[in-house]
Amino acid sequence: MGFATEFNSVCKFKSDQELYELLEYGRGKMVKSGFRVFPTGQKVIAYTPANEAIAIVRILASIAEINFQGEEVTQVEMELVRKLTEEEARIQTALAFEMFFGEKA
């Protein structure tokens with residue numbers, strides 16, 4: 001058991017449904033495995049499951065818990081600040097591949 005700190009400017013979705021809800025309703029949450037610390041109150045870049053930058057979001061809450069299946073999980077609640085423009089998304093995606101995700105295939 002222990003906490004892993006997320007990089008303070010990246011919020012990567014693993015689920016298309018969680019991302020859809022955020023973009024559709026302006027608020028949403030995602031569930032990550034393990035205990036993690038997200039920068040509550042900060043704005044971060046949100047990435048799709050395909051590692052493409054898509055929006056700026058504000059982290060509202062980061063709740064680490066052990067769920068009913070006995071797994072350590074962190075729920076991250078956020079609100080949509082705005083979607084990125086096509087140019088912003090292209091540049092942020094390219095930078096993220098260089099810095100975090102590795103080279104694009």
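The values are calculated or read from the model by the stated rules, or taken from the named source; none is laboratory data. All figures in this text were calculated on a predicted structure; none of them were measured in a lab. Backbone-built Cβ (ideal geometry, glycine too); neighbour counts: all protein chains shown. Just so you know, the surface numbers come from the protein's heavy atoms only, side chains and all, with ligands and any DNA or RNA stripped out. Shrake-Rupley method; radii C 1.70, N 1.55, O 1.52, S 1.80 Å.
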Checklist outcome for this item: Of the residues in region 12-37, those that are in a helix (DSSP H, G or I) and not acidic (Asp, Glu) come to Gln17, Leu19, Tyr20, Leu22, Leu23, Tyr25
Next on the checklist: So the check is Cβ under 6 Å with 6+ separation or different chains; which pairs have a first residue in region 35-48 that's among the basic types (Lys, Arg) and a second one that's in a strand (DSSP E or B) and open to solvent by 20 Å² or more (accessible area, probe 1.4 Å)?
Outcome noted: Arg36/Ala4; Lys43/Ile56; Lys43/Arg58; Lys43/Val81
Checklist entry - What's the number of the condition Glu86 fails, among (1) open to solvent by 30 Å² or more (accessible area, probe 1.4 Å); (2) modelled with pLDDT under 95; (3) under 21 Å from Leu23 (Cα atoms)? => result (2)
Next on the checklist: Of the conditions (1) surrounded by fewer than 17 Cβ atoms within 10 Å (Cβ to Cβ); (2) within 19 Å of Leu84 (Cα to Cα); (3) at pLDDT below 95, Pro39 satisfies every one except a single condition; which number is it?
Outcome noted: (2)
Item to check | Residues that are in a loop (DSSP other than H, G, I, E, B) and hydrophobic (A, V, I, L, M, F, W, C), drawn from region 55-74 | outcome: Phe68
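Conditions (1) within 20 Å of Phe100 (Cβ to Cβ); (2) at pLDDT 95 or above; (3) crowded, with 16+ Cβ neighbours inside 10 Å, marked per residue:
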residue	(1), (2), (3)
Tyr47	yes, no, yes
Ala50	yes, no, no
Val57	yes, yes, yes
Ser62	yes, no, yes
Glu65	no, no, no
Checklist entry - Since Glu77 meets every condition but one in (1) among the acidic types (Asp, Glu); (2) farther than 16 Å from Ser15 by Cα; (3) part of a strand (DSSP E or B), which condition does it not meet? => result (2)
